[in-house]
Amino acid sequence: MARDLAIDLGTANTLVYTRGEGVVLAEPSVIAMNQQSGEVLAMGREAWKMIGRTPAHIVAVRPLRKGAITDFDVTQRMVRLLLERVGVSRLNRPKVLVCVPSAITAVERRAVTEAAKSAGAADAQLIEQPLAAAIGANLPISEPVGNMVVDIGGGTSESALLSLGGVVAIEALRVGSFDIDASIQAHVRREYGVAIGEVTAEEIKLVCGSAAETAGEMRAEVRGRELVSGLPKTIVLTPAEIRRAIDEPISAMIDSVVSCLAQAPAELAQDLLVQGLHLVGGGSLLRGFDKRLADETGIPVTHVEAPMECVVMGAGQCIESFEAMRAMFIDPRR
């Protein structure tokens with residue numbers, strides 16, 4: 001019998017939750033294909049290692065950008081491979097709950113639904129990521145209390161104020177951690193005349209990237225290709241210059257949070273001084289981001305437990321609850 005699935009189809013990573021088992025798969029949203037034959041060579045972590053290292057006829061691509069599908073066929077093939085890895089077959093077609101950014105359009109929502117059905121799902125429903133994140137973080141969203149979730153993903157940043165089981169105010173921005181990586185690439189190219197790839201830029205972010213000054217900062221030794229000579233070159237980057245390089249996307253994310261706070265009713269706004277802001281998503285793990293957000297908003301900021309799995313865990317709780325309700329209210333003798 002097919003088990004219901006929850007899928008967090010993210011720009012950076014895709015996670016799959018199986019009813020009764022929990023999170024069974026977490027892979028980068030990357031697929032490597034042979035353009036000449038159309039054959040899929042690798043998916044997930046294996047394909048991620050190929051980015052920027054393939055010959056001309058092989059491409060390692062992310063089929064989702066800014067939280068939306070940019071290549072329907074490639075996305076469909078990636079989702080089908082994901083479902084196969086968790087045991088889905090033609091004889092075993094599950095119902096799927098897919099987490100999507102609130103910023104995507106109606107056309108993009110239909111594309112996600114069709115991609116899931118075409119990949120082997122018997123039915124596909126959507127849930128917005130901020131709501132799923134709040135459920136996964138076990139916030140009291142069903143109570144008349146203001147709870148705010150800030151979800152920083154690879155391609156989007158979303159801030160949502162929730163109360164009584166619904167969204168009171170939401171602000172979505174198509175800027176995420178990939179924009180931080182792009183800013184680092186542009187800085188190294190502009191200041192040092194050296195070209196680096198997106199994988200190297202992400203490594204720089206992890207080593208010495210920060211949104212605010214923090215203790216124990218480290219410099220990063222970077223190797224790339226000098227644009228003038230075409231030869232390999234090594235440079236050293238400091239945390240301070242990386243902070244300056246990534247200030248634009250970081251400021252845009254924080255401004256988005258402030259815009260959401262400005263939409264909050266007065267009674268719920270005062271709740272946030274006690275409840276605080278809850279950070280989820282891989283992008284929120286950037287060093288100093290919580291400190292800078294707290295300084296600029298004057299509201300306490302905390303990371304939820306398991307910020308990268310929080311969204312899919314919330315969607316998983318939804319399908320678990322649905323199954324419990326069905327068992328409770330549907331007579332098995334019918």
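The values are calculated or read from the model by the stated rules, or taken from the named source; none is laboratory data. These figures come from a predicted structure and were not determined experimentally. Cβ coordinates were reconstructed from backbone atoms using ideal geometry, including for glycine residues, and neighbour counts include every protein chain displayed.
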Test: residue in the stretch 245-261 that is more than 17 Å from residue 175 (Cα to Cα) and not hydrophobic (A, V, I, L, M, F, W, C)
no
What about residue 61, is it under 21 Å from the mean Cα position of the chain (by Cα), in contact (Cβ under 8 Å) with a residue 60 or more places away in the chain, surrounded by 17 or more Cβ atoms within 10 Å (Cβ to Cβ) and at negative phi?
no
Selection status of residue 244, among the basic types (Lys, Arg), assigned to a strand (DSSP E or B) and surrounded by fewer than 16 Cβ atoms within 10 Å (Cβ to Cβ)
no
Can you tell me how many residues within the stretch 67-87 are part of a loop (DSSP other than H, G, I, E, B) and within 17 Å of the chain's Cα centre (by Cα)?
2
Residue check: is residue 325 part of a helix (DSSP H, G or I) and either of a type in the set (D, E, K, R) or at pLDDT below 90 (or both)?
yes
Looking at the structure I just gave you, is residue 126 closer than 24 Å to residue 173 by Cα, outside any helix (DSSP H, G or I) and free of Cβ contacts under 8 Å to residues at least 40 places away in the same chain?
yes
Could you list, ordered by first residue, the pairs with Cβ atoms under 9 Å in which the first is in the stretch 92-112 and in contact (Cβ under 8 Å) with a residue 12 or more places away in the chain and under 18 Å from residue 76 (Cβ atoms) and the second is charged (D, E, K, R) and assigned to a helix (DSSP H, G or I), at least 6 apart or interchain?
96/117; 100/108; 100/109
Select from the stretch 34-66 the residues that are out of contact with any helix residue (DSSP H, G or I) (no Cβ under 7 Å at 6 or more places or on another chain), of a type in the set (A, V, I, L, M, F, W, C) and not in a loop (DSSP other than H, G, I, E, B) and list them in ascending order.
41, 42, 47, 48, 58, 59
Tell me, which residue of the stretch 121-141 that is over 20 Å from the mean Cα position of the chain (by Cα) and of a type outside the set (Gly, Ala, Ser) is nearest to residue 17 (Cα to Cα)?
123
Looking at the stretch 198-212 only, could you name the residues that are crowded, with 20+ Cβ neighbours inside 10 Å and either touching a strand residue (DSSP E or B) at 6+ places or on another chain (Cβ under 6 Å) or closer than 9 Å to residue 243 by Cβ (or both)?
204, 208, 209, 210, 211
Pull up the stretch 206-225, narrow it to residues that are among the aliphatic types (A, V, I, L, M), outside any helix (DSSP H, G or I) and free of Cβ contacts under 8 Å to residues at least 40 places away in the same chain, then point me to the one that is nearest to residue 287 (Cα to Cα).
215
Just to be sure, is residue 132 crowded, with 24+ Cβ neighbours inside 10 Å and touching a Phe, Trp or Tyr at 6+ places or on another chain (Cβ under 7 Å)?
no
For residues that are in a loop (DSSP other than H, G, I, E, B) and either over 22 Å from residue 214 (Cβ atoms) or modelled with pLDDT of 95 or more (or both), tally how many sit in the stretch 252-285.
3
Out of all the residues in the stretch 113-123, which are in contact (Cβ under 8 Å) with a residue 24 or more places away in the chain, in contact with a strand residue (DSSP E or B) (Cβ under 7 Å, 6 or more places away or on another chain) and either outside any loop (DSSP other than H, G, I, E, B) or surrounded by fewer than 24 Cβ atoms within 10 Å (Cβ to Cβ) (or both)?
115, 116, 122, 123
Being more than 30 Å from residue 269 (Cα to Cα) and touching a helix residue (DSSP H, G or I) at 6+ places or on another chain (Cβ under 6 Å), is that true of even one residue in the stretch 90-97?
yes
Can you pull out every residue in the stretch 135-175 that is closer than 20 Å to residue 282 by Cα, free of Cβ contacts under 8 Å to residues at least 40 places away in the same chain and surrounded by 21 or more Cβ atoms within 10 Å (Cβ to Cβ)?
none
Pull up the stretch 1-33, narrow it to residues that are of a type in the set (Asp, Glu) and not in a strand (DSSP E or B), then point me to the one that is farthest from residue 124 (Cα to Cα).
21
